[in-house]
Amino acid sequence: MEETYIFFDIESSNCIGGDGHICSFGYVICDQSFNVLGKEDIVMNPRAEFEPILFDPKSKCCLAYPKEYFLSQPDFSFYYDRIKKLLTEKNRKVLGFAVENDIDFLVCACNHFNLAQFDFMAYDSRIIADRLNNDHNGLSAWLKFYNIDTDSFTAHKSSDDAEMTMLLVQKMCQAKKMSLKEFLAFNFNALRSVEQDIERRNINAFKKITEEQIRELYYKKNPTPLSTKLNGRYKLNVSRKRDLNQKVDLFRLIYNHGGVIVEKLGPNCTYVMEDSGHKASWMDLPKYKSVKFISLSDLFNQLELEPWPFKKMNWKGIKENGI
């Protein structure tokens, strides 16, 4: 069976809270010679609010249809099986522009409508164009760079954006003197997947949880501390590579032994840092004259405890609840 290629693009009604809500899914299917085999703009009701700017003709992100038309259409759950089939068809390669965003929209839509996630991989033509030309641009800028005529297309109409992405990839193939199949094999590291997006979302959610746990301790005095060995104000600075659960435990250790944790360094604070073995130049500034600088080892010695071994964060398989 001959391989086919689908270029797709998604428009969203808003991205409030980091979740996008799909209002159109556009695609173009072509063969390896870029002959268009099918094109469609699937317009849907996002079941979410629209950003007002999306219907302002003067804005750079004005949608292709009136709000009433979007609201009159079925929602994502109605088109779920079709979209899944389009993106997971056998012997088909998937491509887009800035596909991490579009993949995330699909993940959000499945979550929003309580539908099973479906995994697929897509080549990101933006990553490829940026690497080939050592620059970073949006779709319109790259189309202009490659002298692609876009007069017959409507920006932010998903199917037209998908076809313009196809034309961009065609130009890049010509520039590299490669077939589409060869070009994608050469740029295999521009692949992005649903699995990666879910992992990224879980990592961000877990980071948010640990940040909130730490934030709850700021400027608070433990009414029933285990000891008062750490009376005073403490600013803790540990490596970004450190396990986040251990980082939370370090903050709690100070809190549980009478210390008050501060978010910003101020006079008469104790600044606790990793055992780096050197002192940063800013620490000698006059405004920090009253600040005491100690290492984590010094902190544990003060508590008469053995220092905890450094644990690096292992993100593999992390879930939203941290398990």
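The values are calculated or read from the model by the stated rules, or taken from the named source; none is laboratory data. Every value quoted in this text rests on a predicted model; they were computed, and no experiment measured them. We place every Cβ from the backbone using ideal geometry, glycine too, and count neighbours over all the protein chains shown. Heads up: the accessible areas ignore ligands, DNA and RNA and are worked out on the full protein's heavy atoms, side chains in. Shrake-Rupley method; radii C 1.70, N 1.55, O 1.52, S 1.80 Å.
Summary table
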| item | result |
| --- | --- |
| Angle in degrees between helix 158-176 and the longest Cα principal axis of the chain, rounded to the nearest 10 | 90 |
| Lysines whose Cα lies under 17 Å from that of Lys93, excluding same-chain neighbours fewer than 8 positions away | Lys39, Lys84, Lys85, Lys181 |
| Fully extended contour minus Cα-Cα distance, from Asp243 to Asp119, at 0.36 nm per residue | 41.8 nm |
| For region 19-59: Kirkwood Rh in Å [reciprocal of mean 1/r, alpha carbons] | 12.7 |
| From phi via Karplus (6.51, -1.76, 1.60), per-residue ³J(HN,Hα) for region 6-17 in Hz, x at Gly/Pro | 10, 9, 10, 8, 10, 10, 10, 6, 5, 10, 5, x |
| Cα centroid separation - region 218-286 against region 164-195, whole Å | 49 |
| For the chain, calculated [θ]222 nm from helices alone, where every DSSP H run of n ≥ 4 adds -39500 (n - 2.57) | -11000 deg cm²/dmol |
| Ratio Rg/Rh, restricted to region 179-291 and using Cα atoms, in which Rh is the Kirkwood radius | 1.21 |
| Inter-centroid distance (Cα atoms) of region 72-105 relative to region 111-148, Å | 14 |
| The chain, relative contact order in percent, only Cα pairs under 8 angstrom and at least six apart counted | 15 |
| Solvent exposure, largest accessible area first (probe 1.4 Å, DNA, RNA and ligands not counted), of Glu263, Glu3 | Glu263, Glu3 |
| Per-peptide average of other Cβ atoms within 10 Å, ordering 120-127, 264-271, 217-224, 69-76 highest first | 120-127, 69-76, 264-271, 217-224 |
| Reachable lysines, given that their alpha-carbon falls under 21 Å from the alpha-carbon of Lys60 and they are not under 8 places away in the same chain | Lys144, Lys157 |
| Beta bridges per DSSP with both ends in the chain, % antiparallel, nearest 5 | 50 |
| Extension gain, Ser227 back to Ile294 (0.36 nm per residue minus Cα-Cα distance, nm) | 22.2 nm |
| Net lengthening on full extension, Cys62/Lys208 (0.36 nm per residue, minus Cα-Cα) | 49.3 nm |
| Region 120-260, relative contact order [Cα under 8 Å, separation at least 6], % | 23 |
| Interchain or long-range residues, amide H under 5 Å from Asp75's placed H | Asn45 |
| For region 232-323, diffusion coefficient by Stokes-Einstein and Kirkwood Rh (Cα), 4 °C, 1.567 mPa s, µm²/s | 90 |
| Rounded percent of accessible protein surface that carbon and sulfur make up, region 199-323, 1.4 Å probe | 49 |
| Accessible solvent surface per residue of the chain, calculated while the other protein chains remain in place, 1.4 angstrom probe, Å² | 55 |
| Size of region 8-84 as Cα extents on the principal axes (Å, biggest first) | 40, 30, 25 |
| Correct choice for log10 I(q)/I(0) by the Debye sum over Cα atoms at q = 0.06, 0.08, 0.11 Å⁻¹ that was computed from the model, options (i) -0.36, -0.61, -0.99; (ii) -0.34, -0.56, -0.82; (iii) -0.20, -0.37, -0.71 | (ii) |
| Interchain or long-range residues, amide H under 5 Å from Tyr234's placed H | Val260, Ile261, Val262, Thr270 |
| Low-density loop positions, GluC sites (Glu not before Pro), region 71-172 - DSSP coil, at most 15 other Cβ in 10 Å | Glu89 |
